[in-house]
1. So residue A:314 fits all but one of (1) in a loop (DSSP other than H, G, I, E, B); (2) closer than 30 Å to residue A:137 by Cα; what number is the exception?
2. Can you tell me how many residues in segment A:414-458 are farther than 18 Å from residue A:375 by Cα and open to solvent by 10 Å² or more (accessible area, probe 1.4 Å)?
3. May I ask you to say which residue of B:99, B:41, B:112, B:91 is more than 7 Å from every other protein chain (Cβ to nearest Cβ) and open to solvent by less than 20 Å² (accessible area, probe 1.4 Å)?
4. I'd like the full set of residues that are in a loop (DSSP other than H, G, I, E, B) and hydroxyl-bearing (Ser, Thr, Tyr), limited to segment A:399-441.
5. Can you name every one of the strands (runs of 3 or more DSSP E) wholly within segment B:114-165 that holds 1 or more residues which are under 17 Å from the mean Cα position of the chain (by Cα) and at negative phi?
6. When you scan segment A:2-12, do you find a residue that is facing chain B (nearest Cβ under 10 Å) and surrounded by fewer than 18 Cβ atoms within 10 Å (Cβ to Cβ), even just one?
7. Assuming residue A:139 fulfils every condition listed in (1) within 14 Å of the ligand (Cβ to nearest atom); (2) open to solvent by 10 Å² or more (accessible area, probe 1.4 Å); (3) in contact with a helix residue (DSSP H, G or I) (Cβ under 6 Å, 6 or more places away or on another chain); (4) not aliphatic (A, V, I, L, M) apart from one, which condition is it?
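The values are calculated or read from the model by the stated rules, or taken from the named source; none is laboratory data. All of these numbers come straight from a predicted model, not from anything done at the bench. Because the Cβ atoms are built from the backbone with ideal geometry, glycine has one as well, and the counts that use them run over all protein chains shown. Side chains included, ligands, DNA and RNA excluded: accessible areas come from the protein's heavy atoms. Shrake-Rupley method; radii C 1.70, N 1.55, O 1.52, S 1.80 Å.
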Amino acid sequence: MSAKTLFEKVWDAHVVAPETADTPAILYIDLHLVHEVTSPQAFSELRERGLRLRRPDRTLATLDHSTPTLPADASGERPYATAEAKAQVTQLETNCREFGVELHGWDSADRGIVHVIGPELGATQPGMTIVCGDSHTSTHGAFGALAFGIGTTEVGHVLATQCLLQRKAKTLAIHVDGALPAGVGAKDLVLHIIGEIGVDGGTGHVIEYRGAAIEALSMEERMTVCNMSIEAGARAGLIAPDETTFAWLKGRPRAPQGAAWDAAVAYWRTLCSDEGAVYDREVRIDAAKVRPTVTYGTHPGMAIAMDKPVPAARNAVEKRALDYMKSEPGKPMQGTPVDVVFVGSCTNSRLSDLREAARVLRGRRVAEGVRMLVVPGSEAVRRDAEREGLHQVFTAAGAEWRVPGCSMCIAMNGDLAQPGQLVVSTSNRNFEGRQGKGARTVLASPATAAASAVAGRIADPREYMTEAAA
Amino acid sequence: MKPITRIHSRTAVLADENIDTDRIIPARFLTTTERAGLGKLCFNDWRYQADGSDNPAFPLNQPQARGCAILVAGRNFGCGSSREHAPWALLDYGIQAVLCSEIADIFRNNALKNGLLAIVLDEAEHRWLLEHPGIELTIDVREQYIALPDGGRIRFQLEPFARHCLLNGVDQLGYLQQHGDLIDAFIREREDREAAIHGRTPQQDQSRLAGVTP
Ligand code: SF4
């Protein structure tokens with residue numbers, strides 16, 4: 001048998017009908033994650049056609065995008081941004097009840113951002129196919145699952161048949177050699193990678209991240225890297241499962257138990273690209289060269305080490321992006337005054353991210369005039385963080401500690417920045433208006449976000465980490 | 001879906017590269033539970049001024065761009081969020097085809113499933129079209145060419161299944177359902193393996209869902 005890539009192994013194991021010149025493959029889906037924004041029209045379609053769910057037991061829903069991050073008032077009323085947002089949430093509750101889908105709603109101790117709770121519950125496992133009506137489904141690739149975002153029509157396909165019509169993607173190996181320097185993290189790495197290969201560098205491909213620097217990452221960090229694969233245009237990102245993966249999954253509510261665990265791990269160990277497997281493309285990245293990295297334009301490919309000068313615009317679109325951001329060519333982003341700092345989103349809202357931010361903030365204060373929002377990714381993260389007292393570190397520093405949700409990552413729940421404000425954000429998209437009309441987004445790591453909050457300007461977190469350690 | 005064989009229209013041009021789906025329809029409008037009526041929100045933050053009037057700087061607000069059903073867009077159109085609201089909004093706005101040298105995967109997929117022609121062209125042809133807004137084109141889906149006013153033709157390739165579905169108005173969910181037996185057989189076989197691999201039997205799955213009946 002010829003050598004296979006990890007992607008090919010997972011793909012092959014899920015082909016119900018192979019692709020032909022005229023027809024795409026029918027691909028079986030192991031886990032379907034659902035949220036309130038991209039599912040209502042799909043449920044309506046099922047209702048109109050008189051269909052039921054093919055596998056409600058492989059479908060998991062949560063509320064995250066339109067949900068308020070301020071707590072309910074004394075009467076239990078939640079401060080929704082609009083009546084429509086509330087109606088959308090109610091609609092998902094109704095749909096889940098009617099179609100028998102397990103929903104992690106307001107009353108669930110596990111509610112949270114869809115890409116945070118899947119792994120947390122152990123529902124995300126190596127070798128699975130996972131889809132969601134959400135492009136950051138690529139996050140789950142950190143476990144060696146083939147995970148990708150789909151549109152609402154396809155959400156309907158999966159609800160009704162547990163399958164999708166798919167053409168096989170090409171493969172792109174990104175080898176990250178060496179080790180990341182101290183104080184430089186996964187977010188810096190992935191921004192650096194997108195800066196290198198471009199926002200369309202992965203189009204049509206599934207990326208497999210490999211190499212020593214990837215193997216050294218924790219699961220949380222791997223999720224941060226895979227999460228941003230879509231920002232390079234890739235269908236999905238993958239990392240081969242290893243001991244780090246197994247240790248992280250063991251004992252989670254939905255992970256296999258007992259003898260089944262051993263059988264699962266034995267299978268998971270086979271999920272790596274074979275020696276001699278051929279990728280359609282390969283790219284090499286030197287981890288040692290990565291520095292604290294931020295974006296300076298209006299897409300994630302416009303990323304650069306914060307101490308390096310912003311490059312000149314190469315065309316009218318880049319010029320417009322720089323003008324929108326008020327970024328000055330020839331000047332570094334470091335030192336740019338900051339109005340808002342957001343720590344959260346499926347990219348960076350897990351416990352380790354909050355610890356990273358807290359490490360910088362402990363004993364310090366958010367600069368005068370800067371608003372800082374910390375939004376945990378899930379109820380579980382919130383509980384764990386509060387158990388460690390991280391929330392007190394944040395509130396003592398003057399930051400707001402919120403209820404889990406997508407919040408200012410997508411700014412559709414009322415958490416948003418004002419026109420012209422500069423936001424240092426740990427989320428994944430710096431598109432024009434993404435965090436509020438006219439808002440200027442600078443993507444960064446949690447450590448950079450926290451350091452910038454303290455300095456009131458975009459700041460190198462390494463300076464703050466050394467002080468904290470001393 | 002209605003079959004689509006030909007589209008005839010003048011072109012409108014949005015030359016910016018990397019026009020993301022947040023720009024096509026901003027996230028704050030995604031609280032809708034419908035797919036209809038999104039055309040008025042299409043390109044909202046680009047198209048209107050603060051007072052709600054039309055932004056004269058938005059290329060599609062130019063008189064000659066009004067009513068154009070073919071959009072020539074800068075490279076990597078539709079990147080970012082997977083929201084299908086983007087093709088819904090474009091279609092409702094009146095766009096029936098997007099021509100581009102590169103179109104983001106999820107957007108292209110979503111577009112074709114809704115009968116919005118997402119057509120990828122060579123860079124040279126794409127550049128030429130970007131430089132010649134307002135020309136009359138006929139897109140022939142069956143023969144896969146674009147007819148130029150001077151009689152010239154630009155060839156393109158659609159994924160064969162997508163083309164078949166467009167031409168015949170095939171309902172893809174219906175197509176999947178026709179393979180129901182195959183899918184059932186796959187699931188039965190897989191459930192046995194899943195019990196070993198993922199450590200849970202179908203019965204356990206059922207009991208986990210006890211009390212929730214569809
Ligand atoms: S946190 Fe942001 S990117 Fe992640 S699922 Fe929510 S809106 Fe999407």
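1. (2)
2. Count: 12.
3. Details: B:41 fails: open to solvent by less than 20 Å² (accessible area, probe 1.4 Å); B:112 fails: open to solvent by less than 20 Å² (accessible area, probe 1.4 Å); B:91 fails: open to solvent by less than 20 Å² (accessible area, probe 1.4 Å).
Only one candidate passes the filter, namely B:99.
4. The initial filter retains those residues of segment A:399-441 that are in a loop (DSSP other than H, G, I, E, B), namely A:399, A:402-406, A:410-421, A:426-439.
Result: A:426, A:427.
5. Strands (runs of 3 or more DSSP E) meeting the threshold: B:117-120, B:136-140.
6. If we filter segment A:2-12 for residues that are facing chain B (nearest Cβ under 10 Å), which is where we start, we get none.
No; the residues of segment A:2-12 include none that is facing chain B (nearest Cβ under 10 Å) and surrounded by fewer than 18 Cβ atoms within 10 Å (Cβ to Cβ).
7. Of the numbered conditions (1) within 14 Å of the ligand (Cβ to nearest atom); (2) open to solvent by 10 Å² or more (accessible area, probe 1.4 Å); (3) in contact with a helix residue (DSSP H, G or I) (Cβ under 6 Å, 6 or more places away or on another chain); (4) not aliphatic (A, V, I, L, M), the odd one out for residue A:139 is (2).
Here's the yes/no breakdown for (1) in contact with a Ser or Thr (Cβ under 8 Å, 6 or more places away or on another chain); (2) of a type in the set (Lys, Arg); (3) more than 20 Å from residue B:187 (Cβ to Cβ):
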position	(1), (2), (3)
A:6	yes, no, yes
A:16	no, no, no
A:53	yes, no, no
A:70	no, no, yes
A:92	yes, no, yes
A:97	no, yes, yes
A:101	yes, no, no
